[in-house]
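The values are calculated or read from the model by the stated rules, or taken from the named source; none is laboratory data. All of these numbers come straight from a predicted model, not from anything done at the bench. FYI the Cβ positions are ideal-geometry reconstructions off the backbone, even for glycines, and counts take in every protein chain you see. Please note that ligands, DNA and RNA were not included when accessible areas were found on the heavy atoms of the full protein model with its side chains. Shrake-Rupley method; radii C 1.70, N 1.55, O 1.52, S 1.80 Å.
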Amino acid sequence: MEKKSHSCRVLKGWLLGMSLLTATHMALAQTAWRPEQPIELIASSAAGGSSDRTARAIQKILQEEKLVPVPVSVINKPGGNQTIARAYLNQHSADAHYFDIGNPTLISNHIAGLTSQHYSDFTPVALLLNEYTAFTVRADSPLRNARDLAARLKQDPESIAIGISNRGGTNHLTLSLLAKTAGVDPRRLKVVVFKSNSESMTAVLGGHVQLVASTVTPVIAQVRAGTARMLALGAPQRMAGALADVPTLREQGFDVSLSNWRAIVGPKGLTPAQVAFWENALAKLVATDYWKKDLETQYWEGNFLRSREFLGYLDNEYKTTKAIMSDLGLAK
């Protein structure tokens with residue numbers, strides 16, 4: 001009798017264990033998610049532009065490293081100061097097969113009143129990298145560093161013509177923060193808007209403007225050739241490689257750092273399971289040698305943040321950007 005009772009208890013225990021195991025597998029099946037159709041990475045620039053280059057680097061790694069089980073394509077949707085790409089993105093609400101290469105215009109466009117699109121209207125998936133502003137002059141410029149620049153602006157804000165490619169963009173805002181920190185009204189700066197940072201650099205070399213506030217890529221060739229010099233970088237700390245000798249603004253006494261970041265942003269309504277899949281896939285992506293080499297080549301700095309941390313990052317960026325854009329009279 002005791003043996004029979006013991007056998008019954010064992011059988012009941014085994015059945016209970018199997019039922020729990022089955023329930024666990026069912027729960028996992030309900031919560032796990034993976035792509036089932038081709039992925040679209042939406043680049044808000046034309047082919048060769050900044051977001052296009054980022055998108056194609058991501059596409060290459062996702063496919064070659066087999067981080068996703070489906071094809072990945074890059075779709076270019078330029079125009080509208082990047083609002084067209086995001087309008088297209090949100091036509092695919094709750095669909096984790098469509099993603100925008102996010103950047104600071106996700107914040108600044110709303111502050112400037114260019115669009116009603118707010119970053120909370122999308123799903124922040126992951127921050128990928130930071131890109132910082134370089135302050136560059138011609139090699140024979142009397143300005144030797146950021147302190148010289150600040151002193152000159154304080155003496156006469158209009159004595160230096162400064163080339164930028166986008167009023168209200170990250171480079172312009174970093175310049176304006178530097179001026180404000182130095183006690184100069186940023187609205188008094190003599191800024192000249194060019195179609196591209198490369199055109200700004202050409203204007204510096206021609207003596208038409210005295211300084212360019214730009215990303216590193218358009219000016220680094222002239223710096224290496226000895227025809228131009230970088231006064232400072234708007235990074236939180238010194239960068240490595242070819243930029244190791246360029247001091248930051250903070251090193252020179254100006255607590256200024258603002259990033260032209262890139263990120264993966266999804267449409268509104270993505271589920272936690274969908275976000276989790278992409279967080280994990282992108283965590284593997286940024287750990288690859290190809291990604292690290294691409295960061296070095298483009299003078300970008302890796303800064304991987306998952307969705308929750310990225311949302312906090314956006315909250316802080318919005319506050320900082322709104323404050324300086326308000327000072328410039330660019331906030332609506």
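If you scan region 196-214, which residues turn out to be part of a loop (DSSP other than H, G, I, E, B) and at pLDDT 95 or above?
At the first step, the residues of region 196-214 found to be part of a loop (DSSP other than H, G, I, E, B) are 196, 206-210.
Matches in region 196-214: Gly206, Gly207, His208, Val209, Gln210.
Would you pick out the residues in region 103-126 that are open to solvent by less than 40 Å² (accessible area, probe 1.4 Å) and either part of a helix (DSSP H, G or I) or within 22 Å of Trp33 (Cβ to Cβ) (or both)?
Thr105, Leu106, Ile107, Ser108, Asn109, Ile111, Tyr119, Phe122, Thr123, Pro124, Val125, Ala126
Give region 23-41 a look and list any residue that's open to solvent by less than 70 Å² (accessible area, probe 1.4 Å) and either modelled with pLDDT under 95 or closer than 17 Å to Leu127 by Cβ (or both), or say none.
Those that are open to solvent by less than 70 Å² (accessible area, probe 1.4 Å) and either modelled with pLDDT under 95 or closer than 17 Å to Leu127 by Cβ (or both): Ala23, Ala27, Leu41.
Name every residue in region 64-82 that is part of a loop (DSSP other than H, G, I, E, B), in contact (Cβ under 8 Å) with a residue 40 or more places away in the chain and surrounded by fewer than 16 Cβ atoms within 10 Å (Cβ to Cβ), in order of residue number.
Residue satisfying the conditions is Glu65 alone.
Among the numbered criteria (1) over 21 Å from the mean Cα position of the chain (by Cα); (2) more than 27 Å from Ala244 (Cα to Cα); (3) surrounded by 20 or more Cβ atoms within 10 Å (Cβ to Cβ), which single criterion is violated by Gln155?
It is condition (3) that Gln155 fails.
Kindly establish whether Asp294 is closer than 30 Å to Glu65 by Cα, open to solvent by 20 Å² or more (accessible area, probe 1.4 Å), among the acidic types (Asp, Glu) and assigned to a helix (DSSP H, G or I).
yes
Could you figure out which of (1) modelled with pLDDT under 95; (2) over 26 Å from the mean Cα position of the chain (by Cα) isn't true of Ala182?
Going through (1) modelled with pLDDT under 95; (2) over 26 Å from the mean Cα position of the chain (by Cα) one by one, Ala182 breaks only (1).
Being over 25 Å from Phe304 (Cβ atoms) and open to solvent by 30 Å² or more (accessible area, probe 1.4 Å): is that true of Pro142 here? It would help to see each step written out before you state the result.
On the way: over 25 Å from Phe304 (Cβ atoms): yes; open to solvent by 30 Å² or more (accessible area, probe 1.4 Å): yes.
When the stated conditions are applied, Pro142 passes them.
Criterion first (buried (at least 21 other Cβ atoms within 10 Å of the Cβ) and either assigned to a loop (DSSP other than H, G, I, E, B) or modelled with pLDDT under 95 (or both)) does Ala85 satisfy it?
Values: buried (at least 21 other Cβ atoms within 10 Å of the Cβ): yes; either assigned to a loop (DSSP other than H, G, I, E, B) or modelled with pLDDT under 95 (or both): no.
No.
What number of residues within region 175-189 are among the hydroxyl-bearing types (Ser, Thr, Tyr) and under 18 Å from Val212 (Cα atoms)?
Final tally of qualifying residues: 1.
For Asp100, state whether it is more than 17 Å from Ser44 (Cα to Cα), among the acidic types (Asp, Glu) and either more than 20 Å from the chain's Cα centre (by Cα) or not in a loop (DSSP other than H, G, I, E, B) (or both). Before the answer, list the steps.
Working: more than 17 Å from Ser44 (Cα to Cα): no; among the acidic types (Asp, Glu): yes; either more than 20 Å from the chain's Cα centre (by Cα) or not in a loop (DSSP other than H, G, I, E, B) (or both): yes.
Taking the combined requirement at face value, the residue does not satisfy it.
Would you mind telling me which numbered condition in (1) closer than 25 Å to Thr271 by Cβ; (2) in contact with a helix residue (DSSP H, G or I) (Cβ under 8 Å, 6 or more places away or on another chain) Ala46 fails?
(1)
If a residue must be out of contact with any helix residue (DSSP H, G or I) (no Cβ under 7 Å at 6 or more places or on another chain), under 23 Å from Lys293 (Cα atoms) and outside any helix (DSSP H, G or I), how many such residues does region 217-235 contain?
Qualifying residue count for the region: 1.
Select from region 281-291 the residues that are open to solvent by 40 Å² or more (accessible area, probe 1.4 Å) and either of a type outside the set (A, V, I, L, M, F, W, C) or more than 12 Å from Leu128 (Cα to Cα) (or both) and list them in ascending order. Walk me through how you get there before you give the answer.
At the first step, the residues of region 281-291 found to be open to solvent by 40 Å² or more (accessible area, probe 1.4 Å) are 284, 287, 289-290.
Selection gives Lys284, Asp289, Tyr290.
So which of Val275, Val256 ends up being among the hydrophobic types (A, V, I, L, M, F, W, C), farther than 18 Å from Tyr132 by Cβ and surrounded by 15 or more Cβ atoms within 10 Å (Cβ to Cβ)? Working first, answer last.
On the way: Val256 fails: farther than 18 Å from Tyr132 by Cβ.
One residue alone meets the criteria, Val275.
Please name all residue pairs, on different chains or six or more residues apart, with Cβ atoms under 9 Å, provided the first residue is in region 308-332 and is open to solvent by 40 Å² or more (accessible area, probe 1.4 Å) and the second residue is of a type in the set (A, V, I, L, M, F, W, C) and part of a loop (DSSP other than H, G, I, E, B).
Here the result reads Tyr313/Trp261; Thr320/Leu258; Lys322/Ala331; Ala323/Ala331; Leu330/Ala112; Lys332/Ala112; Lys332/Leu114, each pair linking region 308-332 to a residue that is of a type in the set (A, V, I, L, M, F, W, C) and part of a loop (DSSP other than H, G, I, E, B).
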